[in-house]
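What follows draws every value from the coordinates through simple rules; no lab data is involved. Note that the coordinates shown come from a computational prediction; the quantities given were computed from them, not determined experimentally. FYI the Cβ positions are ideal-geometry reconstructions off the backbone, even for glycines, and counts take in every protein chain you see.
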């Protein structure tokens, strides 16, 4: 059942009442609440005592380890961060990594462990820090995706015998690992392994269909294959393989067990059979490991996968209880990847889209349809429940984000965004009559991922799209650089959304370029959807997504069948002072609801609709 159109705007108008609709995007069910039912729900939840429970979300990114604390209403309470280059300079990283030859990029695992020590020390020494730690009922978070950690046979005994009078770093030493560094997502040293893996199962389309993505250099499967080929003795000595997310889960449980990866993050490996969701892809394991018997051993190294995003992997380790006074009943929820955590921080309904406009442009969305494509990534939705209907999150990554926009600004608008915006506004949107001959440009200053093999600047004019060195009106580049990117968004998103129209219900815009009203207006009109912006900064979306995941895990102690969206909705209704945000997930730090910042010009939207076929044809020509 579709969300009624009037709910789309009313729901985020910043009002104090909860939405009149309870929608579970993963079952597809919508229930309408009467006014009296809404009042009763709001009253019942707000009459519940607001206890002092807190929830931690961690974000282990490339450059930092961040912790966010929220209360039972998901309101921000505290935030702490350790920056690797500044706070741990003895590891001699630059932007959190070591860059080597032939595209190799790694991070030292010991740096991450020491960062946990330093972060917890800072929290405990801060004002009321020990009190905050003692009130934490559950912890979860996110790790940089794809990066892997290689445990030795010594790891379980080291993890289970931690002395609370000593630091983690002094006890979980290099002895715990067969390889002391972790490949970073920026690593590009596995191109051969990627092509070999794709060829082994029938090409990039087959890889995307089976695992959700074509093979990428940063993905864990190609990295493991490279390790086995180049350092077979270290591969053989490796007892268990973790992602950064499950490494953190293991660290905080500290009970001697290497904890399972959760499914959403495991989808970034090119090894998990996402098409069926039944387990590791045996053909890929066989190829990566080097044989059928070896595949079984690799499967043992990887371990099982946790497919329920809201369960507990265990309780906080005794070391954390004795050293920092944490509650021994504190739950550890399986950590996920950074992009899955980000999508949770928005608590998206099916049909909603997050567009991040930055150095690279990224699109995140949730869907009930499995529609993999070599141009995109599809992961299991990080808030799936065991036994529930499977949902997915999809991601599109464009290398050419702000760079071409800034290039056109500098070349045609004297480096001024105000002048750039004036050019865009003066040219205006196309009319339906102009659509068949509207000029179209492509701006691939870097080798593009979407579309594959896109490179260079290309201009097309006229109904037949004849290529020209420059537009007849050079200032048209200002509008073309926006229209081209957003038409590409629309072309890809339309095949990934579950809605009958193939268009988003609404867009949440984040990133540096989302501050530009002209850009937001164009985005809204091309994609035919209202644009909202979060009331709080999106810079902490990963850690806040972890907080929300931790809260959901804790809430399921008393409500085992509670879905993520309903858990967040209930939490929002507990806001201090008796106010509510209107719908779950719209204020990542428990602050103001997202604000409506742009609405479509529907006459122009029809014109863009008429341009889609020409756009797709010219894009193919630009990539030839």
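Key figures for this structure:
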| read-out | value |
| --- | --- |
| Projected-area average for the range 55-334 over all orientations - Cα convex hull basis, square nanometres | 14.3 nm² |
| Global form of the range 137-188, assessed from the alpha-carbon gyration tensor, a/c cut-off 1.5 | oblate |
| Rg and Dmax of the chain, Cα atoms only, in Å | 24.5, 75 |
| Taking the C-alpha atoms of the range 129-282, convex hull volume expressed per residue in Å³ | 130 Å³ |
| Residues 407, 447, 466 arranged by fewest to most Cβ contacts within 10 Å | 466, 447, 407 |
| Order of 370, 443 - criterion: other Cβ atoms within 10 Å of each residue's Cβ, fewest first | 370, 443 |
| Relative packing of 179-189, 91-101, which averages over residues the other C-beta atoms within 10 Å, highest first | 179-189, 91-101 |
| Order of 165, 342, 368, 336 under a 10 Å beta carbon neighbour criterion, fewest first | 165, 368, 342, 336 |
| Length added when fully stretched, residue 453-residue 199, from 0.36 nm per residue minus Cα-Cα | 89.6 nm |
| Shape category assigned to the range 256-407 from the gyration tensor of Cα positions, a/c cut at 1.5 | oblate |
| Over the range 417-527: Kirkwood hydrodynamic radius from C-alpha pairwise inverse distances, Å | 15.2 Å |
| For the range 383-448, diffusion coefficient by Stokes-Einstein and Kirkwood Rh (Cα), 4 °C, 1.567 mPa s, µm²/s | 83 µm²/s |
| Estimated 222 nm signal from helices in the chain, with DSSP H stretches of n ≥ 4 weighted -39500 (n - 2.57), rounded to 500 | -11000 deg cm²/dmol |
| Potential lengthening between residue 308 and residue 128 on full extension [0.36 nm per residue; Cα-Cα distance subtracted] | 61.4 nm |
| Full-stretch length increase - residue 517, residue 299 - with 0.36 nm per residue and alpha-carbon distance subtracted | 73.5 nm |
| Antiparallel %, DSSP beta bridges [both residues in the chain], to 5 | 75 percent |
| The range 68-146: C-alpha gyration tensor shape, a/c 1.5 cut-off, then a/b vs b/c | prolate |
| Separation of alpha-carbon centers, the range 443-503 and the range 185-242, rounded to whole Å | 32 Å |
| In nm, spacing of pseudo-spin labels at residue 283 and residue 163 (7 Å Cα→C-beta vector) | 5.3 nm |
